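Student: Here's a structure for you.
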Amino acid sequence: MVPYFEFQNAVKLLCGELSLERIAIELELMGASKPLMLSDAVLAKIGTLETVVKAMAAEGVQPAATFTDIPVDSSLAVVDKIAAYYREQGCDSIVAVGGGSVIDTAKGVRLVLSQNKEDILSLSGLDNLVRGKHVPFIVVPTTAGTGSECTGVAVIRNDANGVKMEFLSPYVEPDAAVIDPRMTAGLPPKATATTGMDALVHAIEACTCQQANPLSTAYGTAAIRAIAENVEEATRNGSNKKARFAMALASTMAGISFSNSMVGAVHAIGHALGGVCHVPHAVAMTILLPHVMRYNLSHCGAAYAELLPWLVGVDAAMATPADKRAEAAIDAVVALGRSLNEICGIPLTLKDAGVSTEAFAKVAEVAVNDGALIVNPRAADEAQVIEILNAAF
Amino acid sequence: MMRAIQALIVAIVLRVVHAALVELRVLDSRVAKEFERMPDGLSYAIATGYQGPTLYVKWEGGKLKRLAALDAPTCSLRIKSMPLSFQLFTGQMGLSQAYARHAFTMGGEVADVMRLARLVNLVEAYLFPKVMTRRIMTDVPETEVCFLRAYARIAVGFLTCKYNLSK
């Protein structure tokens, strides 16, 4: 066990039925009444944003402004633009409705505003910021994967160099996160499957990286069990509220876990694939996980073995010889990916995701500079990253 | 008293780390490659504990200059206490372990810390015996030349005032 650890989660979780209707009172309790609504064009079009706005309006809070032009891979420029818009519109709080890109963008906006800056680039770093002004901030995740509603990191693309930058500070954490089953009810099967696998990656990396600690592992293992038990059903039968809610909670628990113990090489390489080749984050996570686990096996076999009961159940784990449990854990992850592939056709190789081997050198160069690699159980240089990429191709 | 001794040792090691980076750039191809890729003007400020020793270095004109101060470093690291600084700079804790233990704060881009982490790992592989480095790194890099060559070049460098402050 790591000889020293820190654990923080200051996010108030509003979980379950009719959570959306509680956003208004939460804003009021924070002294806010003029929220800026942040979302993306798709969620605005399909009515998800409207559902949230209506729930807020019914309880007496109307948005002061709305911004829905947030792209899939948001950028520093978008953050700065929204911060300026917030000031122009005289808003006093932020409500973000969306997946990882929307939430991380909102975190960046909140950081710029609370630190009273014009641009977010000047705020990059690790635990280096003072608290700043309080800007009430509520997030409503619409996927069950990123866990971003409970993490102290915002990952935002720098268009100047194509690199996804990490802003690590407890002050990016929202004040509250709303986990309402209505928000993921309409998530398509492929997105359900890949974001579910993204949450699984968060949990597995959080439990096995150098920063893992007893509290983060408690959240991580609970998340792994919930995902293993529910992701196939949620993908196959999206109207199953129980499975949907279990996945949403699992995603949040995985987020709390990795926010307090970091992730690892799956994320380092995945961020690079996103930055260089524009592979969607959750797809990259799904493809890379078993290959990185195999790469790490020599250095954290015991930790993988301990995950087996959470992945396949206690009986199946106990029936597996102790010296085979680590490999069995990897096999379980592979089997889960294949099952999801059969259900909804998610890509399982980089080739299927449209990545060219010509990009591998650049991906590797970017990956070794990603902060997620620093606590991976096994060091990786560019050549080793390329080996992993080749295995995943 | 203990803190003062730790601070003195940390100050010495910081000087040696700078010297080692200068010399390993010549001796080790991986260090040379890191510097080749380093943008001109990139600078690091490393502070240790409250009012502890500092190291300011800047990569400029093909040289890693040691400076008395830096107004706006590209990357600034602040080790949170002197005991942690002592552990970090005496081979008791690696940089990745320091990260895992929340031992420092950082201003700037994470990518620059990763660059520094790779360089520090290589420096430690030369300066510390394997029995120490195995405890602080998940994978200890192999040295490309005998560590004695690095020590010899560093000793000569100090004797010839090669690592003095640049203007």
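This table checks each residue for (1) touching a helix residue (DSSP H, G or I) at 6+ places or on another chain (Cβ under 8 Å); (2) crowded, with 16+ Cβ neighbours inside 10 Å.
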site: A:2; (1), (2): yes, yes
site: A:12; (1), (2): yes, no
site: A:24; (1), (2): yes, yes
site: A:32; (1), (2): no, yes
site: A:35; (1), (2): yes, yes
site: A:51; (1), (2): yes, yes
site: A:65; (1), (2): yes, yes
site: A:77; (1), (2): no, yes
site: A:80; (1), (2): yes, yes
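Student: Can I ask one more? Looking only at the range B:62-75, decide whether some residue is at the interface with chain A (Cβ under 10 Å from one of its Cβ atoms) and touching a helix residue (DSSP H, G or I) at 6+ places or on another chain (Cβ under 7 Å).
Tutor: Among the residues of the range B:62-75, at least one is at the interface with chain A (Cβ under 10 Å from one of its Cβ atoms) and touching a helix residue (DSSP H, G or I) at 6+ places or on another chain (Cβ under 7 Å), which makes the answer yes.
Student: Right, another one. Please find, among A:329, A:316, A:303, A:359, the residue that is away from chain B (no Cβ under 14 Å), more than 21 Å from the chain's Cα centre (by Cα), modelled with pLDDT of 95 or more and over 19 Å from residue A:231 (Cβ atoms).
Tutor: A:359 is the lone residue from the list that is away from chain B (no Cβ under 14 Å), more than 21 Å from the chain's Cα centre (by Cα), modelled with pLDDT of 95 or more and over 19 Å from residue A:231 (Cβ atoms).
Student: Residue by residue through the range B:114-167, note down the ones that are touching a Lys or Arg at 6+ places or on another chain (Cβ under 7 Å), under 16 Å from residue B:14 (Cα atoms) and among the aliphatic types (A, V, I, L, M).
Tutor: Scanning the range B:114-167 gives B:122, B:165.
Student: What do you reckon, is residue A:255 in a helix (DSSP H, G or I), under 22 Å from the mean Cα position of the chain (by Cα) and at pLDDT below 95?
Tutor: No.
Student: Give me the pairs, please: first residue somewhere in the range A:135-149 and over 18 Å from residue A:56 (Cα atoms), second residue anywhere and assigned to a loop (DSSP other than H, G, I, E, B), beta-carbon distance under 7 Å, and either six or more positions apart or on two chains.
Tutor: Filtered contacts from the range A:135-149: A:143/A:99; A:143/A:184; A:143/A:187; A:144/A:184; A:146/A:99; A:149/A:11; A:149/A:174.
Student: Going by the structure shown, is residue B:64 within 16 Å of the chain's Cα centre (by Cα) and part of a strand (DSSP E or B)?
Tutor: It is true that residue B:64 is within 16 Å of the chain's Cα centre (by Cα) and part of a strand (DSSP E or B).
Student: Would you check which residues across the range A:1-34 are among the hydroxyl-bearing types (Ser, Thr, Tyr) and within 14 Å of chain B (Cβ to nearest Cβ) and list them?
Tutor: A:4
Student: Here are B:27, B:42: which of them is in contact with a Cys (Cβ under 8 Å, 6 or more places away or on another chain) and modelled with pLDDT of 95 or more?
Tutor: Exactly one residue qualifies, and that residue is B:42.
Student: Hey, residue A:205 hits all of (1) of a type in the set (D, E, K, R); (2) modelled with pLDDT under 95; (3) surrounded by 24 or more Cβ atoms within 10 Å (Cβ to Cβ) but one; which does it fall short on?
Tutor: Only one criterion in (1) of a type in the set (D, E, K, R); (2) modelled with pLDDT under 95; (3) surrounded by 24 or more Cβ atoms within 10 Å (Cβ to Cβ) is unmet by residue A:205, namely (2).
The rows are residues; the columns are (1) in contact (Cβ under 8 Å) with a residue 12 or more places away in the chain; (2) within 20 Å of residue A:124 (Cα to Cα); (3) not in a loop (DSSP other than H, G, I, E, B).
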position	(1), (2), (3)
B:22	yes, no, yes
B:33	no, no, yes
B:45	yes, yes, yes
B:69	yes, no, no
B:76	yes, yes, yes
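Student: Could you count how many residues in the range A:363-380 are of a type in the set (Asp, Glu) and facing chain B (nearest Cβ under 8 Å)?
Tutor: 1
Student: A further question follows. Please verify whether the range B:135-145 includes one or more residues that are more than 9 Å from every other protein chain (Cβ to nearest Cβ), in a helix (DSSP H, G or I), surrounded by fewer than 19 Cβ atoms within 10 Å (Cβ to Cβ) and modelled with pLDDT under 95.
Tutor: Scanning the range B:135-145, I find at least one residue that is more than 9 Å from every other protein chain (Cβ to nearest Cβ), in a helix (DSSP H, G or I), surrounded by fewer than 19 Cβ atoms within 10 Å (Cβ to Cβ) and modelled with pLDDT under 95, so the answer is yes.
Student: Being of a type in the set (Val, Ile, Thr), crowded, with 22+ Cβ neighbours inside 10 Å and either within 11 Å of chain A (Cβ to nearest Cβ) or more than 19 Å from residue A:375 (Cα to Cα) (or both) narrows it down to one of B:131, B:110, so name that one.
Tutor: After applying the criteria, what remains is B:110.
Student: Would you pick out the residues in the range B:88-133 that are among the acidic types (Asp, Glu) and outside any helix (DSSP H, G or I)?
Tutor: Passing the criteria: only B:109.
Student: Can you tell me which of B:84, B:148, B:95 is away from every other protein chain (no Cβ under 11 Å) and either more than 23 Å from residue A:213 (Cα to Cα) or surrounded by 16 or more Cβ atoms within 10 Å (Cβ to Cβ) (or both)?
Tutor: Going through B:84, B:148, B:95 in turn, the sole match is B:148.
Student: Can you name the number of the only condition in (1) touching a Cys at 6+ places or on another chain (Cβ under 8 Å); (2) in a helix (DSSP H, G or I); (3) under 30 Å from residue A:159 (Cα atoms) that residue A:307 fails?
Tutor: Every listed condition holds for residue A:307 apart from (3).
Student: Can you find, within the range B:113-128, the residue that is nearest to residue A:128 (Cα to Cα) among those that are in contact (Cβ under 8 Å) with a residue 60 or more places away in the chain and within 8 Å of chain A (Cβ to nearest Cβ)?
Tutor: Within the range B:113-128, the match that is nearest to residue A:128 (Cα to Cα) is B:115.
Student: Inside the range A:281-298, can you point out the residues that are more than 16 Å from residue A:385 (Cα to Cα) and touching a Ser or Thr at 6+ places or on another chain (Cβ under 7 Å)?
Tutor: Once the filter is applied, which keeps residues that are more than 16 Å from residue A:385 (Cα to Cα) and touching a Ser or Thr at 6+ places or on another chain (Cβ under 7 Å), the range A:281-298 yields A:282, A:283, A:286.
Student: Would you confirm whether any residue within the range A:140-162 is part of a helix (DSSP H, G or I), over 13 Å from the mean Cα position of the chain (by Cα) and within 14 Å of chain B (Cβ to nearest Cβ)?
Tutor: The answer is no; no qualifying residue exists.
Student: Is it the case, given these coordinates, that residue A:223 is in a helix (DSSP H, G or I) and either in contact (Cβ under 8 Å) with a residue 40 or more places away in the chain or of a type in the set (Asp, Glu) (or both)?
Tutor: Taking the combined requirement at face value, the residue does not satisfy it.
The values are calculated or read from the model by the stated rules, or taken from the named source; none is laboratory data. Keep in mind that this is a model prediction, so the values were computed, not measured. We place every Cβ from the backbone using ideal geometry, glycine too, and count neighbours over all the protein chains shown.
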